[in-house]
């Protein structure tokens with residue numbers, strides 16, 4: 001039996017040994033409820049406090065606070081719904097996002113549209129934000145701009161610092177929410193450097209446990225009460241997210257942050273080398289001439305979308321899986337939908353429906369090797385040959 005080659009690291013990552021050890025230790029030895037007013041509760045509260053400080057430090061945040069959630073999706077929901085419903089006067093105002101956002105943003109936008117808010121999407125043709133369109137869209141009634149930093153399907157890096165600069169000039173009262181799910185510990189940034197008021201993080205994308213996310217909120221948001229809670233109850237997480245905190249998961253997330261930070265340069269250098277190696281292999285191998293890589297002008301090192309001419313992405317994905325290679329046909333969240341549609345992110349990039357429906361995503365980790373990419377190329381060549389008879 002062939003060993004499994006995992007090339008779907010944007011969907012999730014294997015928890016690192018250090019984070020797993022932290023999870024087990026905290027679960028056994030610091031099991032108290034951090035809201036309890038006794039010694040065991042105080043012990044858990046200290047673990048939570050230390051973890052919050054560690055993640056803030058890793059993020060490079062100098063003010064504000066971090067609200068722990070159950071996922072990046074919940075953090076996105078909190079940022080957008082929480083901003084929209086923070087003040088009665090925001091009802092019916094304009095919110096901007098980007099074309100081809102993750103469903104945890106786009107679905108929230110559709111819900112707000114149905115509730116009377118005006119939603120507009122900044123074009124992302126060619127993998128770059130249309131800043132001229134943004135200039136036109138930024139009217140005085142905009143209360144929020146919510147945008148991903150790295151597109152989870154194309155790997156395009158969006159210039160949110162430029163977005164922030166334009167916002168400060170045209171709509172100084174609007175706030176910027178950055179979904180950093182695919183950029184945290186993948187590309188260097190800080191909230192201040194972006195000019196972001198809120199930033200979404202996800203644990204399981206950086207070798208932490210699943211079931212943990214976080215939303216950074218700036219001191220100004222706190223001061224102006226510019227964010228409403230979504231989950232009410234005991235008032236945990238500074239009142240922004242009630243419910244007993246997942247202390248073991250949060251502590252393990254902090255450990256994964258420290259591990260990623262300590263080896264950030266080496267990891268990113270290795271992943272960049274792997275991506276360049278794969279691009280060269282695809283270019284040099286005549287058997288793979290029908291595969292077209294998507295190459296945005298400014299791209300993250302860990303994501304590469306490949307369009308396989310006239311073969312449905314799902315068909316190629318299942319073939320590669322039978323060869324022991326795990327890739328994706330897009331966002332892992334949206335792949336669970338009952339009715340599959342062409343990827344909005346790829347359509348927003350400029351692909352046709354046929355191209356978008358024939359694309360697979362390879363997402364790399366520092367644990368991957370060139371030998372694994374060689375195996376991927378061989379499997380792709382075999383797939384192109386065997387699947388030729390069932391093409392469109």
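What follows is calculated from the coordinates using simple rules that are stated; it is not laboratory data. None of the values given here were measured: they were computed from a predicted structure. Heads up, the Cβs are rebuilt from the backbone with ideal geometry, glycines too, and the neighbour counts pull from every protein chain shown.
Rounded to the nearest 10 degrees, what's the angle between the helix 17-29 long axis and the longest principal axis of the chain, both from Cα atoms, 0 to 90?
Tilt relative to the chain: about 40 degrees.
Report, to the nearest 10°, how far helix 39-59 tilts away from the longest principal axis of the Cα atoms in the chain, using its own Cα long axis and a range of 0 to 90°.
Value to nearest ten degrees: 50.
Would you mind telling me which residue in 129, 364, 37 has the biggest mean-square fluctuation in a Gaussian network model of the chain, where springs connect alpha carbons within a distance under 10 angstrom?
37
What is the spin-label model distance, in nm, from residue 42 to residue 190 if the labels are put 7 Å beyond Cα along the C-beta direction?
3.4
Expected output is a single nm value to one decimal: the length gained when fully extending between residue 222 and residue 272, i.e. 0.36 nm times separation in residues minus the C-alpha distance. What is it?
14.2 nm
Length gain on complete extension for the stretch residue 242 to residue 111, per 0.36 nm per residue less the alpha carbon to alpha carbon distance?
Contour length minus Cα-Cα distance gives 44.9 nm.
Quick one: helix 313-322 against the long Cα principal axis of the chain, what's the angle to the nearest 10°, folded into 0 to 90?
80
Compare the peptides 188-194, 239-245 by average per-residue count of other Cβ atoms within 10 angstrom and give them in order, highest first.
Answer by packing, highest mean first, reads 239-245, 188-194.
Distance in nm between label sites at residue 382 and residue 35, each 7 Å beyond Cα in the beta-carbon direction?
If labels sit at residue 382 and residue 35, their model points lie 5.4 nm apart.
Using per-residue counts of other Cβ atoms within 10 Å, averaged over each peptide, order 46-57, 155-166 from highest down.
155-166, 46-57
Give me the distance in nm between label points sitting 7 Å out from Cα along the Cα-to-Cβ direction at residue 4 and residue 321, one decimal.
So the label points at residue 4 and residue 321 sit 1.1 nm apart.
Assuming 0.36 nm per residue, please report the length gained on full extension of the stretch residue 232 to residue 370 beyond their Cα-Cα distance.
Extra length available between residue 232 and residue 370 comes to 44.8 nm.
Which one, 344, 140, 301, has the greatest fluctuation when you compute a Gaussian network model over the chain with C-alpha springs under 10 angstrom?
140
Which value at 222 nm does the chain reach when only helices count, each DSSP H run of 4 or more adding -39,500 (n - 2.57), with the total divided by all residues and rounded to the nearest 500 deg cm²/dmol?
Helix-only estimate at 222 nm: -12500 deg cm²/dmol.
Of all DSSP beta bridges in the stretch 145-241, what percent run antiparallel (nearest 5)?
If we restrict to bridges inside the stretch 145-241, about 45 percent are antiparallel.
Hey, fewest Cβ within 10 Å first, where do 177, 366, 102 land in order?
Ranking 177, 366, 102 by Cβ neighbours within 10 Å, fewest first, gives 366, 102, 177.
Restricting to the chain, compute how many DSSP beta bridges are antiparallel as a %, nearest 5.
Roughly 55 percent of the beta bridges in the chain run antiparallel, per DSSP.
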